[in-house]
4 protein chains.
Amino acid sequence: MIDLRSDTVTTPDDRMRDAAQSAAVGDDVYREDPTVAELETTVADRLGTESALYFPSGTMANQVAVRVHTERGQEVLADRKSHVVKYELGGLADLSGLQVRMLDTDRGAPTPEQVAAGFVEEELHRPGTGLLCLENTHNARGGLAIDPERIAAAAEAAHDRDVPVHLDGARVFNAATALDIPVTELVDPVETVMISLSKGLGAPVGSMVAGPESFVEDARRTRKLFGGGMRQAGIIAAPALRALENVDGLERDHEHARVLAEGLTAVDGFDVQEPETNIVLADIAGTGLETEGVLNRLEERNVLATAFGPTTIRFCTHRDVSRSDIDAVLERIDDAF
Amino acid sequence: MIDLRSDTVTTPDDRMRDAAQSAAVGDDVYREDPTVAELETTVADRLGTESALYFPSGTMANQVAVRVHTERGQEVLADRKSHVVKYELGGLADLSGLQVRMLDTDRGAPTPEQVAAGFVEEELHRPGTGLLCLENTHNARGGLAIDPERIAAAAEAAHDRDVPVHLDGARVFNAATALDIPVTELVDPVETVMISLSKGLGAPVGSMVAGPESFVEDARRTRKLFGGGMRQAGIIAAPALRALENVDGLERDHEHARVLAEGLTAVDGFDVQEPETNIVLADIAGTGLETEGVLNRLEERNVLATAFGPTTIRFCTHRDVSRSDIDAVLERIDDAF
Amino acid sequence: MIDLRSDTVTTPDDRMRDAAQSAAVGDDVYREDPTVAELETTVADRLGTESALYFPSGTMANQVAVRVHTERGQEVLADRKSHVVKYELGGLADLSGLQVRMLDTDRGAPTPEQVAAGFVEEELHRPGTGLLCLENTHNARGGLAIDPERIAAAAEAAHDRDVPVHLDGARVFNAATALDIPVTELVDPVETVMISLSKGLGAPVGSMVAGPESFVEDARRTRKLFGGGMRQAGIIAAPALRALENVDGLERDHEHARVLAEGLTAVDGFDVQEPETNIVLADIAGTGLETEGVLNRLEERNVLATAFGPTTIRFCTHRDVSRSDIDAVLERIDDAF
Amino acid sequence: MIDLRSDTVTTPDDRMRDAAQSAAVGDDVYREDPTVAELETTVADRLGTESALYFPSGTMANQVAVRVHTERGQEVLADRKSHVVKYELGGLADLSGLQVRMLDTDRGAPTPEQVAAGFVEEELHRPGTGLLCLENTHNARGGLAIDPERIAAAAEAAHDRDVPVHLDGARVFNAATALDIPVTELVDPVETVMISLSKGLGAPVGSMVAGPESFVEDARRTRKLFGGGMRQAGIIAAPALRALENVDGLERDHEHARVLAEGLTAVDGFDVQEPETNIVLADIAGTGLETEGVLNRLEERNVLATAFGPTTIRFCTHRDVSRSDIDAVLERIDDAF
Ligand SMILES: [Ca+2]
Ligand SMILES: [Ca+2]
Ligand SMILES: [Ca+2]
Ligand SMILES: [Ca+2]
Ligand SMILES: [Ca+2]
Ligand SMILES: [Ca+2]
């Protein structure tokens, strides 16, 4: 089975497994796990922030970060297709009482004009805008790598209105790789960033929130509230530390995505969006089938992908998929359509 | 001062004041206020529903109705510019944990296709869509009277997905008047409707939620939770009953709006949206001023209107404004620009 | 029917009805209702606070006040039998995310030691105590009038820990009357106080929150969120203003309660708590009946009272009950048992 | 340093570390991690329930379980000193809108009479009681092992009122060990149970909720909402599986607690509660010091314990503490006082 459903399916390699086995651990609720501490320091250094905090999931990392930035009743500006809006179970409203003002953006990031238009001043009828939330790469729009100028311009428009900015950077290393810039160029313009270790980097578990020290301290308590305080978390922080060494490998995933996209373009009925990172979106309306039908036909040939709409399929390359896997996928799809 | 800020400023007339003075009252938390009971029965009859419930405000009426329809974490489909989204302080998220999926509609009501596209099936990542919320007339889009076919089509698209529909009908009698149809034609396609008594109808205080009896019973308890249980509310329900007799007068307000709009069209720099009911929106960008500047110039001439955007002003006609008031307003504006 | 269920059943007299009829009104959401403004100024003056705000119910007044004092997740210290805990539908948790630490107090007010013991310092595992909530008179404990020394001592214990104090003074004028002191002696030690106008004072609708001006400004917005923004509320604020003149009459209600209690003491099977204000609690276990049985027997004789537990009944005297009503009640109960 | 602060500090042994290294893994959000699946099946079998679910923390496991049992606004009956009340940051109120009715129980479990007295019927003023929450062993009351008769009696009183029961069994294997009964005797009377793997059993990370299959399915989605969906969680589930083999070792921890308690009884100024499991509470008022002073004096001698009140200290034995450690602790304390 060649699994292109998501880069979350990456499994830890031997180096990571060995790191888990030999990890120095302590009770991280007491802040005594040295491996977690090393991970947090390392991530903060890499991202150029004061501090960072380890979370069991990207959902919790995002939810906690947004909550710490805001007060209940405030509005959060976010692209309509962003992860916090679509895939986090309405948690911003449910757990934190926040109203999302959904923006229809061009490539996943609002223009300064859209930030200005979406911004709500605090007054009697409205608690006002409390946060701008960006996402890079932008998953639901096809893994788009948003360039630093757009990030900075959106952030500046927010800052001009005293609104802080959180970046859902679950795949921000993919973005930096695709843009061939230091990741700090994408992080510098925002107050806080979330990164996932368990996606393309291959860690078994975990995401981080990075930002100012006082923010991270508040996030630590909110993480406890959400049930994210883990004990000897060094066992999973150790492979996560190893995962940070895998950033260079992301370029290979992007290359695989380009090869895959090129091949899919030749398939009858497939309309393929040119990939910028490790995500390939294909509109399969031309096959005369709906998503489920296409996915079933692929699964019969031991290829897995993800439904992304009635006629849209997402293929996601990652470090557990080789160039020959990609070639095999293309052969099998060519055979199926 | 001629006050065109809102039809909420309508003051009770002598008939209403006399009704307040002589109202039969009881403790409505014990369900023993005969005047409130009469108001609730009368409204249910007029709207063709089983039951109705009296509220101190339209905001509470909407918030309670939406909450009773839904479970926390669910999504509510609503036009981006609807009152529940823009003017109720994020209460759906803050008080009830609901995420609003904002729709960009043509005239305030989504097409069936927009309902279908906005609908979210309940699954692991998403609690799903719990309610479609419509608004008629649509305030922020200029008092548009949405015809029953559009209401019914949107509702049917929701019902096809087992999603109930709530109509914010704060000004639904204005809509029925403008469309020259029985109000029941606008209410029949939906499960529940909110109507305001304190706007064009002239009651001092109060709005209603009308719908099935079991729904209204649930709403009664949620009203208590929100602090809407009033005691000898007959004192305000009595003038509200009289206000129901004022539906015929709404046509006059609409006529005034047409006269006003026609006159404003001639004013230098005013770009006026043709009114359908009692609301006139004017884009004043052409004056070279911003909203505040224009409002100030009007106020100096004893005319009040409302800011509706950086270059948009809302004028709202109502029963406390006469034809000669409208003429006076036009003269003064002509004088000012 | 002689109705001793609650002093909320009081109906407006002619003076109040005339006041409603002739009230000067305006749109109070725009802060332009002169009668509401006069009521708010008058109440603030009477209670010795900077400011006051009118609410459609005591539940909303309490819920908004507590919310404005606190942050979500904080703890509120309150007597286990207080109104905010027992009769407000869990609103503190449901609407504002607050955990109540219930205290088992002697006469409804905690001792300084109980405040100290219940206080929780903010730390990693606990957001800490955000408010002490007192109640005077204490309804569920039998209308107890808590003396200013106890109020002040509890408040001081809270203040020593930087915890503000809200007083649910729905019947604080009853307390001041019973203790024969100015009401300000009961209000001075606390930050904010809620008073009900619709109970013993006889107003048809309304309660107030009084406190510092900045607090009241915040409460104004939260009132809007809860749906408590009413339009021409002068119609009910005018009789409420008249109701403030009825404070002197409360002594008569207390006298009636004493007469009633004395009479009930002689009834077979009734164990009567000596009343301090207008509330009489009787344990009717000795009758061999449960509460419902006793209430039914009373209702057959046109006397209404309230169930307050499996064998406890509450009788509440008020301005619509005369001395001869009390005598009649005693005769009928004597006849029934 | 001999660390008696908590059994959460237990570190994984080599068997657990090897299990982590060689764990079969998959994406558990897709329900494809075989090790997590095995852990969940194994735990359900051990506890005699249909199903079980893995969580990153006991706090999340409790919070999710309580939420799935209840509706917002309902009341939860729980001992005043239970973990969900004291140590979970008010999450029941903050995240789920639940009001806790705190019970003052004798040994941590309410009597049937207390359940009956605390139960609130659903009615207009109250959403009613939605859950009884028990805890066994009871941490804050000194690790008390509550016998199955008390658990069953409390549960029956709840069930008689159609109220389900959740057991916070973070240390339920300690309870079963101390009572010398199968753990199922303590679990059978309740609907759902939470167990911790990271405390006395020694797993690095994780707790479980066990109960009916449909309940666990609902909990799976709520876990996602709270951010508890982890990816290749087999890396920590594998050592957790090994940890289940450590139940027999708990008897040794209890023996150590008895030895420690006996020794502490002889220390000047220490008043020691006789331990039932692995927790020893000592009131150190007799030393003339406050908790901090005593803890500091211990820390100077390389012994760690936990503050449990102004004059109460908790010592917690666990598998990383040997008999000679206990002897050393007693020597050092004898030396210090
Ligand atoms: Ca992974
Ligand atoms: Ca009005
Ligand atoms: Ca002109
Ligand atoms: Ca009254
Ligand atoms: Ca451990
Ligand atoms: Ca000694």
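The figures follow:
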item: Residue, most open to solvent (accessible area, probe 1.4 Å), within the stretch C:208-232, restricted to residues that are within 26 Å of residue C:149 (Cβ to Cβ) and either touching a helix residue (DSSP H, G or I) at 6+ places or on another chain (Cβ under 7 Å) or facing chain B (nearest Cβ under 9 Å) (or both); result: C:215
item: Tally, over the stretch D:126-165, of residues that are touching a Gly at 6+ places or on another chain (Cβ under 9 Å), within 30 Å of residue D:258 (Cβ to Cβ) and hydrophobic (A, V, I, L, M, F, W, C); result: 4
item: Count of the stretch C:164-195 residues which are within 15 Å of residue C:215 (Cβ to Cβ) and assigned to a loop (DSSP other than H, G, I, E, B); result: 3
item: Residue within the stretch D:86-97 that is farther than 17 Å from residue D:64 by Cα and free of Cβ contacts under 8 Å to residues at least 60 places away in the same chain present; result: no
item: Single residue of the stretch B:263-310 satisfying the filter (open to solvent by less than 40 Å² (accessible area, probe 1.4 Å) and assigned to a loop (DSSP other than H, G, I, E, B)) that is nearest to ligand 3 (Cβ to nearest atom); result: B:267
item: Contacts under 6 angstrom Cβ, first residue in the stretch D:312-337 being open to solvent by 50 Å² or more (accessible area, probe 1.4 Å), partner away from ligand 1 (no atom under 16 Å from the Cβ) and aliphatic (A, V, I, L, M), 6 or more apart; result: D:332/D:303; D:337/D:267
item: Residue count, the stretch D:108-133 (criterion: out of contact with any Ser or Thr (no Cβ under 8 Å at 6 or more places or on another chain) and open to solvent by less than 20 Å² (accessible area, probe 1.4 Å)); result: 7
item: Filter pass, residue A:205 being touching a residue at least 24 places away in the same chain (Cβ under 8 Å), open to solvent by less than 20 Å² (accessible area, probe 1.4 Å), within 23 Å of residue A:48 (Cβ to Cβ) and not in a helix (DSSP H, G or I); result: no
item: Pairs with Cβ under 6 Å, 6+ apart, first in the stretch B:133-149 and modelled with pLDDT under 95, second of a type outside the set (A, V, I, L, M) and not in a loop (DSSP other than H, G, I, E, B); result: none
item: Pair list, Cβ < 7 Å and 6+ apart or interchain, from the stretch B:254-282 residues that are over 16 Å from residue B:329 (Cβ atoms) to residues that are of a type in the set (Gly, Ala, Ser) and part of a loop (DSSP other than H, G, I, E, B); result: B:269/B:288; B:273/B:142; B:276/B:143; B:276/B:145; B:277/B:143; B:277/B:145
item: Filtered residues of the stretch A:151-187 (kept if in contact with a strand residue (DSSP E or B) (Cβ under 9 Å, 6 or more places away or on another chain) and either of a type in the set (Lys, Arg) or at positive phi (or both)); result: A:161, A:171
item: Test: residue in the stretch D:102-109 that is closer than 27 Å to residue D:235 by Cα, touching a His at 6+ places or on another chain (Cβ under 6 Å) and in contact (Cβ under 8 Å) with a residue 24 or more places away in the chain; result: no
item: Qualifying position, being more than 30 Å from residue A:36 (Cβ to Cβ) and assigned to a helix (DSSP H, G or I), among A:252, A:332, A:314, A:242; result: A:332
item: Odd one out for residue A:19, checked against (1) without any contact (Cβ under 8 Å) to a residue 60 or more places away in the chain; (2) in a helix (DSSP H, G or I); result: (1)
item: Single residue of the stretch A:28-51 satisfying the filter (in a loop (DSSP other than H, G, I, E, B) and crowded, with 24+ Cβ neighbours inside 10 Å) that is farthest from ligand 2 (Cβ to nearest atom); result: A:33
item: Selected residue (criterion: nearest to ligand 6 (Cβ to nearest atom)) from residues of the stretch D:1-53 that are more than 9 Å from chain A (Cβ to nearest Cβ) and basic (Lys, Arg); result: D:15
item: Some residue of the stretch B:67-84 being among the small types (Gly, Ala, Ser), more than 10 Å from chain A (Cβ to nearest Cβ) and part of a helix (DSSP H, G or I); result: no
item: Residues of the stretch B:71-107 classified as over 30 Å from residue B:274 (Cβ atoms) and open to solvent by 40 Å² or more (accessible area, probe 1.4 Å), total; result: 2
item: Index of the failed condition, residue C:120 passing every other in (1) touching a strand residue (DSSP E or B) at 6+ places or on another chain (Cβ under 6 Å); (2) under 30 Å from residue A:95 (Cβ atoms); (3) more than 14 Å from chain D (Cβ to nearest Cβ); result: (3)
item: Qualifying residue in the stretch A:3-22 (condition: open to solvent by 10 Å² or more (accessible area, probe 1.4 Å), within 16 Å of ligand 1 (Cβ to nearest atom) and in contact with a Cys (Cβ under 8 Å, 6 or more places away or on another chain)); result: yes
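Results for (1) part of a helix (DSSP H, G or I); (2) within 14 Å of chain C (Cβ to nearest Cβ), shown as yes or no for each residue.
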site	(1), (2)
D:89	no, yes
D:92	yes, yes
D:95	yes, yes
D:115	yes, no
D:131	no, yes
D:149	yes, no
D:155	yes, no
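The values are calculated or read from the model by the stated rules, or taken from the named source; none is laboratory data. This one's a predicted model, so the numbers in the text were calculated from it and none came from an experiment. Cβ sites come from the backbone with ideal geometry, for glycine too, and all protein chains shown count toward neighbours. Accessible surface areas use protein heavy atoms only, side chains included; no ligands, DNA or RNA. Shrake-Rupley method; radii C 1.70, N 1.55, O 1.52, S 1.80 Å.
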